[in-house]
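Working notes, structure below.
The values are calculated or read from the model by the stated rules, or taken from the named source; none is laboratory data. For clarity, every value in this text was computed on a predicted model and none was experimentally measured. Accessible surface is based on the protein model in full, side chains and every heavy atom, while ligands, DNA and RNA are left aside. Shrake-Rupley method; radii C 1.70, N 1.55, O 1.52, S 1.80 Å.
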Amino acid sequence: VHQEPAAFSLMENDMTDFNESASAPPPSDGALGHAAFALGQLVATPEALRLLEMHGVDVFALLRRHASGVDWGEVCSADCNANLDALKYGDRVLSAYTLVKGDPGTRLFVITEWDRSVTTVLRPSEY
């Protein structure tokens, strides 16, 4: 059963809130480029952040890809079609990115909730 994550500090709920964290400042105007939809609160799990740091990947680079509305990474055709419908009718948007080509252990999900209130970066095992 999937539970909606709460956006609290790392200490309170094992989530980093990019909107309030001093170590991960929110993006400046234009840092996400042209977004096809609102991302809402930006949060990530500690495991996702460790993986990003380990492989030198900027979380905002993934968020830009996700928010572009055209680059959802490695999602199946059903999820791609669901994302296209979500842009029109409102539903959750799911992207999947593998940080190291050919290494499924470096895969991350980026999920924006249906109401655009929060976008979460997490490992598939945390979904």
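Computed values, structure above
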quantity: Whole-Å distance, taken between Cα centres, linking the range 32-52 and the range 53-118; calculated: 9
quantity: Sequence of HIS34, HIS66 when ordered by accessible area, the most exposed leading, probe 1.4 angstrom; calculated: HIS34, HIS66
